[in-house]
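Novice: Have a look at this one.
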Protein chains: 2
Amino acid sequence: MTTTTTSHRTRDDRPRLETFHTSGVWQGGLHTRVAARQFALDIDEPPAIGGADEGATPIEYVLASLNGCVTVVIQTVAKELGIRVGGIETKAAGTLDLRGFLGTADVSPHFQELTLSVTLTTTAGEQELSELRAQVDTRCPLLNLIKDAGVEPRVTWHVVSA
Amino acid sequence: MTTTTTSHRTRDDRPRLETFHTSGVWQGGLHTRVAARQFALDIDEPPAIGGADEGATPIEYVLASLNGCVTVVIQTVAKELGIRVGGIETKAAGTLDLRGFLGTADVSPHFQELTLSVTLTTTAGEQELSELRAQVDTRCPLLNLIKDAGVEPRVTWHVVSA
């Protein structure tokens, strides 16, 4: 289903390794300020978990990463395929069993379930959309990280005619 | 190695499921604005990938999430164990083979390698530190998501006496 050998793209036998860096400094409480190149990202927890809500939580950050990643890959693939995109909206939802983080039961601390809903405004036809979806499925780093971790994401696409 | 049954914490047989939500809206180019509760997160790519650098990249977001997550878990476990923490610094580095994202070779689009360096300033002794490290290993959602995806993170701890 995700096998998509598209003839228009060059195959590349040479690894293209690139390393990305972030560094975090604890700000007290549960608040971390992270530097990613010129960007400062504040990560915290709400008071219920013991934080001061100075930023989104680590779980919200990884879900946000999925929103951003899918959008980047849709736009990148759409350009390759000559698909016109008028809008992209994504909704991610991830369910944890908090006992994993709390250490009160022997369960995974990460996602029990994950859903992603993509609303795409486009003039593309069914065949192009099918190719687009397959490419996103194969090429999105975050979606594949989550899949490879054994969390089968439920992805639904809603197509709105532009 | 990660089996740590600590007698001081209550076991809980009832799942504590909680669902977290984010939603993203494409802003043009490769830029997504994500809402996570009251927080707005801008995600983009640098010009080399076709973006306008209006925010950190999805990969930087997931690495930042790891920085924040490890810090939250260290602080949470340290409180449980009565360990005094004077400082936490974390450095994350993830290496991708960009051919996965570019779709030019049949390789994973996510991490080929991932390293995490933790510098902890504390007065804790070796036995407490060993317990702390084991608990972080078991309870950190992001570290376990990455491990379960088959990317064995290389985690190094540096302890500085407070």
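Novice: Specify which of the listed residues (A:THR10, A:THR22, A:THR4) is at the interface with chain B (Cβ under 7 Å from one of its Cβ atoms) and at pLDDT below 95.
Specialist: Values: A:THR22 fails: at pLDDT below 95; A:THR4 fails: at the interface with chain B (Cβ under 7 Å from one of its Cβ atoms).
From the options A:THR10, A:THR22, A:THR4, the qualifying one is A:THR10.
Novice: Among (1) over 21 Å from A:PRO109 (Cβ atoms); (2) open to solvent by less than 10 Å² (accessible area, probe 1.4 Å), which single condition is B:ARG139 missing?
Specialist: (1)
Novice: Before we move on, is B:VAL107 crowded, with 16+ Cβ neighbours inside 10 Å and touching a Phe, Trp or Tyr at 6+ places or on another chain (Cβ under 6 Å)? Can you show your working first?
Specialist: On the way: crowded, with 16+ Cβ neighbours inside 10 Å: yes; touching a Phe, Trp or Tyr at 6+ places or on another chain (Cβ under 6 Å): no.
Judged against the criteria, B:VAL107 is not a match.
Novice: Against the definition (touching a helix residue (DSSP H, G or I) at 6+ places or on another chain (Cβ under 9 Å), in a loop (DSSP other than H, G, I, E, B), open to solvent by 10 Å² or more (accessible area, probe 1.4 Å) and closer than 25 Å to B:ALA93 by Cβ), how does A:SER23 come out, yes or no?
Specialist: Details: touching a helix residue (DSSP H, G or I) at 6+ places or on another chain (Cβ under 9 Å): yes; in a loop (DSSP other than H, G, I, E, B): no; open to solvent by 10 Å² or more (accessible area, probe 1.4 Å): yes; closer than 25 Å to B:ALA93 by Cβ: yes.
So A:SER23 fails the test.
Novice: For the stretch A:98-133, what are the residues that are acidic (Asp, Glu) and either part of a loop (DSSP other than H, G, I, E, B) or in contact (Cβ under 8 Å) with a residue 24 or more places away in the chain (or both)?
Specialist: Answer for the stretch A:98-133, where residues must be acidic (Asp, Glu) and either part of a loop (DSSP other than H, G, I, E, B) or in contact (Cβ under 8 Å) with a residue 24 or more places away in the chain (or both): A:ASP106, A:GLU113, A:GLU128, A:GLU131.
Novice: Does any residue of the stretch A:84-97 turn out to be more than 7 Å from chain B (Cβ to nearest Cβ) and in a strand (DSSP E or B)?
Specialist: Just the residues of the stretch A:84-97 that are more than 7 Å from chain B (Cβ to nearest Cβ), to begin with: A:84-86.
Cutting the leftovers down to in a strand (DSSP E or B) gives us A:85-86.
Scanning the stretch A:84-97 turns up at least one residue that is more than 7 Å from chain B (Cβ to nearest Cβ) and in a strand (DSSP E or B).
Novice: Same structure, new question: Go over the candidates B:LEU30, B:LEU66 one by one and state the one that is in a helix (DSSP H, G or I) and surrounded by 24 or more Cβ atoms within 10 Å (Cβ to Cβ). Talk me through it step by step, then tell me what you get.
Specialist: On the way: B:LEU30 fails: in a helix (DSSP H, G or I).
Result of the check over B:LEU30, B:LEU66: B:LEU66.
Novice: Checking B:ALA48 against (1) part of a helix (DSSP H, G or I); (2) more than 7 Å from chain A (Cβ to nearest Cβ); (3) surrounded by 15 or more Cβ atoms within 10 Å (Cβ to Cβ), only one condition comes out false. Which one?
Specialist: (3)
Novice: Would you point out which residue out of A:GLU128, A:GLU113 is under 24 Å from A:GLY68 (Cβ atoms), within 10 Å of chain B (Cβ to nearest Cβ) and among the acidic types (Asp, Glu)?
Specialist: On the way: A:GLU128 fails: within 10 Å of chain B (Cβ to nearest Cβ).
Every option except A:GLU113 fails the conditions.
The values are calculated or read from the model by the stated rules, or taken from the named source; none is laboratory data. Bear in mind the structure is a predicted one, so any value in this text is a computation, not a measurement. Neighbour counts run over all protein chains shown; Cβ positions are idealised from the backbone, glycine included. The area values use the complete protein model at the heavy-atom level, side chains included, leaving out ligands, DNA and RNA. Shrake-Rupley method; radii C 1.70, N 1.55, O 1.52, S 1.80 Å.
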